[in-house]
Amino acid sequence: MITLYHVMGARSMRSLWLLYELGVEFKLCAMPFDLSVLRADDYLAIHPLGRVPALVDGDITLFESGAIAQYVCEKYDLKQYPLGRNPGDPERAKWLQWLHYAETVAVHGASLVQQTVFIAPPDRSPVVAKLEGRRLEKALGVIDQILANQTYLLTSGFSAVDIAVGYSVHLATRFMKLDAFPNVAAYYARLAARPAFQRAAAE
Ligand SMILES: N[C@@H](CCC(=O)N[C@@H](CS)C(=O)NCC(=O)O)C(=O)O
């Protein structure tokens, strides 16, 4: 059975949300955001940087939320509820694009977390914070245009890439209102209404 290593609100929320959407059995190892736990030898043996998410499935140990999403979608290739897009699917290329674009968006949010939470005031940089805020807005603008004409990132409907990008939007809302991005705001409201999102956000 899969074990997922997770910290509340972290990138591992993507993996947790995906597993809840699929409704499969797994073991959740919820950890505090505490470096004495994340950098302990037993966890470093699972993720060499001591970050989350990480997943263990039998003799497979995997980190990187994008890789975990692809692995989980391929392992649980539910015909009645396909959240992946397999090779040969007309939207496979776009599925891969948005899966990885999710990190392009999230790194700006993560940088803003550093600037506002982890770095103490004399060392904070208003210049970096402003730059990261602007780059985050640009990245959200791209999604806003796509969502002007469709409900989800793929025309074929909700998929794991909405979970990947949806988490990045969720993170962005810690730092900005989505008023300038009405399509992203409506998309985020749709995603946040999903029971699997709410369950993953609360864990
Ligand atoms: N690209 C990685 C990023 C993983 C990552 O940096 N996770 C953060 C939480 S959002 C983390 O574990 N930070 C702990 C640390 O840096 O010590 C992924 O998508 O899985």
Response to the item:
A careful count of residues in segment 146-162 that are touching an Asp or Glu at 6+ places or on another chain (Cβ under 9 Å) and open to solvent by less than 10 Å² (accessible area, probe 1.4 Å) gives 4
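Within segment 90-104, track down each residue that is open to solvent by less than 70 Å² (accessible area, probe 1.4 Å), more than 16 Å from the ligand (Cβ to nearest atom) and touching a residue at least 60 places away in the same chain (Cβ under 8 Å). Walk me through how you get there before you give the answer.
Going through segment 90-104, the residues open to solvent by less than 70 Å² (accessible area, probe 1.4 Å) turn out to be 91-92, 95-96, 98-99, 101-104.
After this cut, where a residue has to be more than 16 Å from the ligand (Cβ to nearest atom) as well, the list is 91-92, 95.
If the condition is that a residue be open to solvent by less than 70 Å² (accessible area, probe 1.4 Å), more than 16 Å from the ligand (Cβ to nearest atom) and touching a residue at least 60 places away in the same chain (Cβ under 8 Å), then Glu91, Trp95 are the ones that fit.
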Discussion item. Given the criterion hydrophobic (A, V, I, L, M, F, W, C), surrounded by fewer than 18 Cβ atoms within 10 Å (Cβ to Cβ), at negative phi and more than 18 Å from the chain's Cα centre (by Cα), identify the matching residue among Val107, Val142, Val117.
Written reply: Val117
Discussion item. Restricting to segment 29-46, count the residues that are more than 8 Å from the ligand (Cβ to nearest atom) and in a loop (DSSP other than H, G, I, E, B).
Written reply: 5
Practice prompt. Scan segment 47-73 for residues that are more than 12 Å from the ligand (Cβ to nearest atom) and of a type in the set (D, E, K, R) and jot them down.
Written response: Asp57, Asp59
Worksheet item: Any chance segment 9-28 includes a residue that's outside the structural domain of Ala110 (by TED's automatic domain parsing), near the ligand (Cβ under 10 Å from one of its atoms) and open to solvent by 30 Å² or more (accessible area, probe 1.4 Å)?
Response: yes
Item to complete: Sort out which residues of segment 61-80 are in contact with a helix residue (DSSP H, G or I) (Cβ under 8 Å, 6 or more places away or on another chain) and either exposed (fewer than 12 other Cβ atoms within 10 Å of the Cβ) or over 18 Å from Val24 (Cβ atoms) (or both), and write them in order of number.
Response: Gly66
Worksheet item: Which residue out of Ala40, Ala30, Ala102, Ala69 is among the small types (Gly, Ala, Ser), at pLDDT 95 or above and in contact with a His (Cβ under 9 Å, 6 or more places away or on another chain)?
Response: Ala30
Worksheet item: For segment 37-57, what are the residues that are open to solvent by 60 Å² or more (accessible area, probe 1.4 Å) and over 20 Å from Val113 (Cα atoms)?
Response: Asp41, Asp42, Ala45, Pro48
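Yes/no matrix, rows are residues, columns are (1) within 21 Å of Arg11 (Cβ to Cβ); (2) outside any helix (DSSP H, G or I); (3) among the charged types (D, E, K, R):
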| site | (1), (2), (3) |
| --- | --- |
| Val142 | yes, no, no |
| Ala148 | no, yes, no |
| Tyr152 | yes, yes, no |
| Val161 | yes, no, no |
| His170 | yes, no, no |
| Leu178 | yes, yes, no |
| Ala200 | yes, no, no |
Worksheet item: For segment 53-96, which residues satisfy the criterion of being over 29 Å from Leu147 (Cα atoms) and part of a loop (DSSP other than H, G, I, E, B)?
Response: Gly58, Asp59
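The values are calculated or read from the model by the stated rules, or taken from the named source; none is laboratory data. The structure displayed is predicted, hence computed values, not measured ones. Neighbour counts are summed over all protein chains in view; Cβ atoms, including those assigned to glycine, are modelled from backbone coordinates with ideal geometry. Side chains are part of the model used for accessible areas, which takes the heavy atoms of the whole protein and leaves out ligands, DNA and RNA. Shrake-Rupley method; radii C 1.70, N 1.55, O 1.52, S 1.80 Å.
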